[in-house]
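The values are calculated or read from the model by the stated rules, or taken from the named source; none is laboratory data. Computed from a predicted structure; not experimentally measured. So basically every Cβ, Gly included, is an ideal-geometry build from the backbone, and we count neighbours across all protein chains shown. What goes into the accessible areas is simple: the full protein's heavy atoms, side chains included, and nothing from ligands, DNA or RNA. Shrake-Rupley method; radii C 1.70, N 1.55, O 1.52, S 1.80 Å.
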Amino acid sequence: MAIKPALCFVVLVICLQSGAFSQQPQPGSRASSDSAHADSSALTIVRETDPARPFSVVGPRGALLGQQDGRFEAWVFPWKVFSGLRISVRMQDYAVPIDVNAHAAEIEVHPDETTIVYSHANFTIRQTMVAPKNAGPDDGVLVLYRIDAIRPMTLTFSFDPVMEHMWPAPSDDHTSPEWVPDGGGSGFYILHLNFPDHAAGLAMPGAESGILPPYQERAAAWPLQFVLHYDPKRDRGRSFPLLITVAENAQAATKSALGSKLGELNASAVSSLQQNRDYYRQLLDSSTRLDSPDPSLNAAFQWAIVAMDQLRVKTTPDLQQEALAAGFIGSGDAARPGFGWFFGRDALWSLYAIDSCGGFAVARDELDFLASHQSPEGKIMHERSQTAGLVDWAALPYQFASADATPLFLMAANDYLSVSGDTALLAHLWPNLRRAWQFETSHDSDGDGIYDNSQGTGWVESWVPHMPHQEIYLAALDEQASTAMAHLARATQHDDVARQAEARARQLGPLIEKEYYLPAQQNYAFSYNADHSTDGTATIFPSVAWWDGTYALDNSDPMFRRWASSEFSTDWGTRIVSDRTSFYDPISYHQGSVWPLYTGWVSLAEYRAGHPLSGYAHLMQNANLTWAQDLGDVTELLSGEFYQVLGRSTAHQLWSSAMVVSPILRGMFGLQWNAGTQTLTVDPHLPAEWPGASLHHLPFGNTFVDLAMERRGAMLVVRCSSGCSGLHLASHTAGAMMRGDEIDIPLPAVEAGLQQQLPLFGSTTQQMKVLDEQESAHSLKLSLAAQGGSMQAIDIRVNGVRRAVSSEGGDLEMHGSEVGTLRVQFPPGDGYVEKDVTLTWK
């Protein structure tokens, strides 16, 4: 016999009223939270709250996006369920009402959860927010409140019901809330829409409803409210969950169905927290780990892995696949939570970091997802909204708006193959790879042999004075994609295609030099036009030529010097264009802002081209941004003039976090994988102050290896300590020698080192820049730039030099035989002035 709805509701009441949390370990208390995370990675950020800074809690089925005063909006993808949740309190025998959000005191961020602590003389409230990795199809976020108070008090949780689809799907008229009582003063809300096939259910067990205007009242916008009466004698030690679910069909949108679902969420809340903790503990245990003398860099590395993983979102409507969303921040009064949908090039740039940390399953899913949305002609998508299936997405101008995802698809597939050795996936994807290659090689509208912008933007979406015809960014990707395609074709026994791709790569390098290099400016042009003219704007885009490690521009030294200078380099990253450009605009999107993405490109190029000091400065700028805005994540873009995040910057940005990992592993440690030949190439440039470092659980083919690096006199000894069977270590460094599972890499006789920290918000660029570094057998010459009249200090390390080191242009003080400090007095002048310093020895 069917159970009547009334009986279903009784079951719900029992579940919600039964104190499901009172009999289990309490999530939310400081002691409980600390204990729960004690045996995990101890990856925790605790800060005083800054109401101007955002937070994000993101998972595969939902997100909580807000500010550090604790206000937030809730998403169960692809629905924005409500916004503006805030809390107020009235205490017994205390006449002043309390705005709880104004008392937000501390934010505590773990990989698996984020807690905001509200502190008042009478109470402490902990708001713990979770996006469960095991979320069901109709739920995706969970909030738990743990309350301690001296006096009894009434808490009112107010929020604005929304029920809007994520952009660009149309949404219904304003939602019509209904309070479903349980007969005992509690109940739950249903957020109805005009049609019965969609609704949301919201519950806070034990709470009653707040403002419920009658139908006869004139139309006005009122917040929904949960009103909770807290008695410290009765309720101390309990956690109060805020439960959220969405119904996607008429049957699931009934009162009984929503009530049952909310009851299930209540019963599983504690286990969801523990499962999340277990998931992220396992993620970090199974991913590459950096063990260096710099604890903050080690932590930034791990946070980058977490931040990227958190952006794996279930694709709708089938929920059978996960793909990487570009990033999230609160949507305000809109329905666009940052870039919370799927972007081809964002994911492809990020897969290099994911591959190198062992995220092969993520890479496979992403490549397969992009292949499934490839155009019939072979083009790889630019973007796909979470609600693309609800609109005529193909009729909108977004899906294939950019041209660069197509070569990046080939490059990223090749990187996956090089690190993993997985030829089976590449054989499966071969038709997609072949179509992408055919598209790239056939879309050359001027016939010069280089892929151009005729089928979409290369990078910039706006430019002065007009949009480019063919960018050096695209040209450099074209060359590297051709090399990648040759490797992919060889690995899958398509030798004819391999020969074609190799021939094309050989032709492209000289052609790029011919079309783009400007000898008079000692620079590479931004773009090449159909009439054979060039746009000589100085940009960071030529740095992309070093990305794959298979290509380099021939006349690059003057350009690297400019990138390292204050012309491009702020104290928080690199600008897209020179600040001397006529249309330079430091708060624009494409004409002068700083993107951590660009900083990562330049850092990796600097390491590969022999400029490690500037590479390290840029690497550390990205790493230190981990703690700058959305704690644990790296933001999308910043001002090019003052150290401050742009107001619309997506705070939790996928490729920004990826640009913490890639410059560390592929730049500082100089790693290059070739699983097919069982060769791992190591060309480290460790900071001068580091005695050594280790990499643990580094992926290599179908295994994982541990590498330990230690300075021994004039050598850096790199040792494989685990997973070494069949592995061949190699190095491009002259004089490197292999000995069993070790490789001895000659160190520079004298090394320089810099300390790198972000400035205070609002600062302009003031820190010293290393423009160039030139080594010889008996000298090290540093070209420096710093503020006129300033005194600067440089760390010095001596490796195996038995004679005294002398300095010209600075005062060297040795602190023993191996380490010292070089102090450099810069001449007077306005702004930056340059000075060369030379260290010599016999």
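Here are a few things to note about the model shown:
- Flag if D496 is in contact (Cβ under 8 Å) with a residue 40 or more places away in the chain and of a type outside the set (A, V, I, L, M, F, W, C): no
- Subset of segment 508-531 (residues that are in contact with a helix residue (DSSP H, G or I) (Cβ under 9 Å, 6 or more places away or on another chain) and open to solvent by 30 Å² or more (accessible area, probe 1.4 Å)): L511, Q521, Q522
- Residue in segment 628-638 that is farther than 30 Å from E108 by Cβ and out of contact with any Phe, Trp or Tyr (no Cβ under 7 Å at 6 or more places or on another chain) present: no
- Filtered residues of segment 346-357 (kept if in contact with a strand residue (DSSP E or B) (Cβ under 6 Å, 6 or more places away or on another chain) and not acidic (D, E)): A347
- Output for segment 639-652, where each listed residue is in a strand (DSSP E or B) and more than 16 Å from T765 (Cα to Cα): H652
- Single condition R86 does not satisfy, out of (1) under 22 Å from P241 (Cβ atoms); (2) of a type in the set (D, E, K, R); (3) at pLDDT below 50: (3)
- Among the residues of segment 431-457, those identified as open to solvent by less than 10 Å² (accessible area, probe 1.4 Å) and not in a helix (DSSP H, G or I) are I450, Y451, D452.
- Some residue of segment 536-543 being open to solvent by 10 Å² or more (accessible area, probe 1.4 Å) and not in a loop (DSSP other than H, G, I, E, B): no
- Criterion applied to S286, S331, S292, S260 was being touching a residue at least 12 places away in the same chain (Cβ under 8 Å) and closer than 27 Å to P168 by Cα, and the one residue passing it is S331.
- Flag if G210 is surrounded by 18 or more Cβ atoms within 10 Å (Cβ to Cβ) and either in contact (Cβ under 8 Å) with a residue 24 or more places away in the chain or on the phi < 0 side of the Ramachandran plot (or both): no
- As for segment 362-377, it holds at least one residue that is crowded, with 24+ Cβ neighbours inside 10 Å and in contact with an Asp or Glu (Cβ under 9 Å, 6 or more places away or on another chain).
- Residues that are under 19 Å from T733 (Cβ atoms) and open to solvent by less than 30 Å² (accessible area, probe 1.4 Å), drawn from segment 748-772: A749, V750, E751, A752, G753
- Qualifying residue in segment 391-399 (condition: crowded, with 17+ Cβ neighbours inside 10 Å and not in a loop (DSSP other than H, G, I, E, B)): yes
- Among the residues making up segment 60-71, those that are in a strand (DSSP E or B) and under 25 Å from P170 (Cβ atoms) are G62, A63, L64, L65.
- The residue of segment 812-842 that is farthest from V750 (Cα to Cα), among those that are among the small types (G, A, S), free of Cβ contacts under 8 Å to residues at least 40 places away in the same chain and open to solvent by less than 60 Å² (accessible area, probe 1.4 Å), is G816.
- Residue in segment 528-537 that is of a type in the set (V, I, T), in contact (Cβ under 8 Å) with a residue 40 or more places away in the chain and over 18 Å from R580 (Cα atoms) present: no
- Residue match in segment 653-671 (condition: outside any helix (DSSP H, G or I), of a type in the set (S, T, N, Q) and at pLDDT 95 or above): yes
- Inspection of segment 72-92 identifies at least one residue that is of a type outside the set (K, R), in a loop (DSSP other than H, G, I, E, B) and crowded, with 20+ Cβ neighbours inside 10 Å.
- Among (1) within 29 Å of the chain's Cα centre (by Cα); (2) at pLDDT below 95; (3) open to solvent by 50 Å² or more (accessible area, probe 1.4 Å), the one test that H428 misses: (2)
- Test: L142 is closer than 23 Å to L265 by Cβ, out of contact with any Phe, Trp or Tyr (no Cβ under 7 Å at 6 or more places or on another chain) and open to solvent by less than 20 Å² (accessible area, probe 1.4 Å): yes
- Test result for G809, among the small types (G, A, S), surrounded by fewer than 19 Cβ atoms within 10 Å (Cβ to Cβ), within 28 Å of S603 (Cβ to Cβ) and in contact (Cβ under 8 Å) with a residue 60 or more places away in the chain: no
- When residues in segment 758-793 are screened for being modelled with pLDDT under 95 and in a loop (DSSP other than H, G, I, E, B), 2 of them pass.
Rundown of residues vs (1) open to solvent by less than 10 Å² (accessible area, probe 1.4 Å); (2) closer than 30 Å to T677 by Cα, yes/no style:
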position	(1), (2)
W459	yes, no
P465	no, no
A481	yes, yes
A491	no, yes
A501	yes, yes
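- Verdict on G136 being within 27 Å of N194 (Cβ to Cβ), crowded, with 22+ Cβ neighbours inside 10 Å, among the small types (G, A, S) and at pLDDT below 95: no
- When segment 793-806 is filtered for residues that are among the basic types (K, R) and surrounded by 12 or more Cβ atoms within 10 Å (Cβ to Cβ), only R797 remains.
- So S543, is it small (G, A, S), at negative phi and in contact with a Phe, Trp or Tyr (Cβ under 7 Å, 6 or more places away or on another chain): yes
- Considered as a group, the residues in segment 239-270 that are of a type in the set (D, E, K, R) and within 35 Å of the chain's Cα centre (by Cα) include one that is nearest to D112 (Cα to Cα), and that residue is E264.
- Within segment 374-390, considering residues that are within 23 Å of the chain's Cα centre (by Cα) and in a loop (DSSP other than H, G, I, E, B), the one farthest from N432 (Cα to Cα): T387
- Unique residue being within 30 Å of F568 (Cα to Cα) and either under 33 Å from the mean Cα position of the chain (by Cα) or at pLDDT below 95 (or both) when the list is A491, A486, A476, A501: A476
- You will find that of S725, S694, S721, the residue that is out of contact with any helix residue (DSSP H, G or I) (no Cβ under 7 Å at 6 or more places or on another chain) and either acidic (D, E) or assigned to a loop (DSSP other than H, G, I, E, B) (or both) is S725 and no other.
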